[in-house]
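Report on one structure; see the data block that follows.
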Amino acid sequence: MRRLLLALPLALAGCIDADVALDFTDPDTMLGRFDITLSRQLYDMTGGNFCKDGTEALTTDTARCTTERRVPLAEVLEKGSAALGDGEFATDEGLRIMAIDDNRLRVSFDFSKMEQKDKPQDMAGMEGMVRAALAGHSFVFRVKAYRILSTTGTLSADGKEASHVIPVTAFLDSPPSVGGDFVTELQLRQVCRFWVFCD
């Protein structure tokens, strides 16, 4: 992803947004969803083949790729990770999913594992303009579950979703200024004691 962003000509430095969601609201499976939206110019520049395994939607201004994968939770825990995208858009770099016990998981994104590249020579003198063009676009990482127990990200009002937002411009820094790890502990199922007291 960083390599792709830095390779953009100034004229093509339009929109690029991504949303990565790991949904554990079904306690036996993980539903992963990866949405990425590019400007139509950038899509055309890449040859139009960035959506290999997902559903593609094109407009005159944007190209959107949505990938969904439902994986048995046992398989996710055995691998300790989950991949939702491919190539430049792989989302499993730095992702770890582990069981705390039979009703709690820890999901962590270590953003330092993201691929880092030196800035290309042709970036000199136009970085400010590229940053301005990319301003307002972001990568959003989400974890959803029956209940979020703790998170280093932002907790939703209903306590069922944790999120972490990285501005796209952060990938222009060396190293990328993406913040610390995004770590979330979650509860898979409701627990009731004596069939009355539930949490």
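The figures follow:
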quantity	calculated
Any strands (runs of 3 or more DSSP E) falling wholly within the range 1-90 and containing at least 2 residues that are buried (at least 20 other Cβ atoms within 10 Å of the Cβ) and either modelled with pLDDT of 75 or more or in contact with a strand residue (DSSP E or B) (Cβ under 9 Å, 6 or more places away or on another chain) (or both)	16-23, 29-39, 62-72
Unmet criterion (only one of (1) within 20 Å of Leu95 (Cα to Cα); (2) not in a loop (DSSP other than H, G, I, E, B)) for Gly180	(2)
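The values are calculated or read from the model by the stated rules, or taken from the named source; none is laboratory data. Quantities reported herein were computed from a predicted structural model and do not represent experimental measurements. Don't worry about glycine lacking a Cβ; one is built from the backbone with ideal geometry, like all the others, and counts go over all protein chains shown.
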